[in-house]
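Below you'll find the structure, written out as structure tokens, and then a few comments.
The values are calculated or read from the model by the stated rules, or taken from the named source; none is laboratory data. What you are looking at is a predicted structure, and each value in this text was computed from that prediction instead of being measured. No Cβ is skipped: glycine too gets one built from the backbone with ideal geometry, and neighbour counts run over all protein chains shown. Accessible surface is based on the protein model in full, side chains and every heavy atom, while ligands, DNA and RNA are left aside. Shrake-Rupley method; radii C 1.70, N 1.55, O 1.52, S 1.80 Å.
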Amino acid sequence: MGTLTASVLLMRWELLSAVMMFFASTFKIKCRQSSRNAMAFIFSGIGIGMSCWFVTGLLGITLSMDNVNHFWDVSKNVFVDVMSQAPANWPMP
């Protein structure tokens, strides 16, 4: 019983996101069948968000502000580097 409890505690966010993906998929199907396309679109977005949360949890990626700031700094540096190496008359009309 202790092993089961420990595994549930360790996987709690992944389990929650998997359950939310299931419910989002179920509600999306029900909304499509009853021609509620806007609600089906919202549930699709929730399902996509939950699947991204699931994958980041399994890969051990934490979405802290430090990581977000680091991502933007690296993106900015790569953009500036690429633009500095582009020819002056590019793209040609």
(message) How much accessible area per residue does the chain have, counting only protein heavy atoms and a probe of 1.4 Å, in square angstrom?
(response) 84
(message) Quick check for me: using +1 on Lys/Arg Cβ and -1 on Asp/Glu Cβ, what's the dipole size of the chain about its Cα centre, in debye to the nearest 20?
(response) 600
(message) For Cα Rg over 2.2 N^0.38 Å, pick the label among (1) 1.02; (2) 1.07; (3) 1.71 that corresponds to the value derived from the coordinates.
(response) (3)
(request) Give, as a single signed number, the net charge of other residues whose beta carbon lies under 10 Å from the beta carbon of residue 57, with Lys and Arg counted +1 and Asp and Glu -1. (result) 0
(request) Measure off, as a whole percent, the carbon and sulfur share of the 1.4 Å-probe accessible area of the range 1-63, all protein chains present. (result) 75
(request) Output ³J(HN,Hα) for the range 50-65: one whole-Hz value per residue in order, computed from phi by the Karplus curve 6.51 cos²θ - 1.76 cosθ + 1.60 with θ = phi - 60°, and x for Gly and Pro. (result) 5, 5, 5, 5, 4, 5, 5, x, 5, 7, x, 7, 9, 9, 8, 5
(request) Report, by chain and number, residues whose modeled amide H sits under 5 Å from the one on residue 36, excluding near sequence neighbours (fewer than 5 apart, same chain). (result) none
(request) Lys and Arg at +1, Asp and Glu at -1: add these up for the other residues within a Cβ distance under 11 Å of residue 40 and post the number. (result) +4
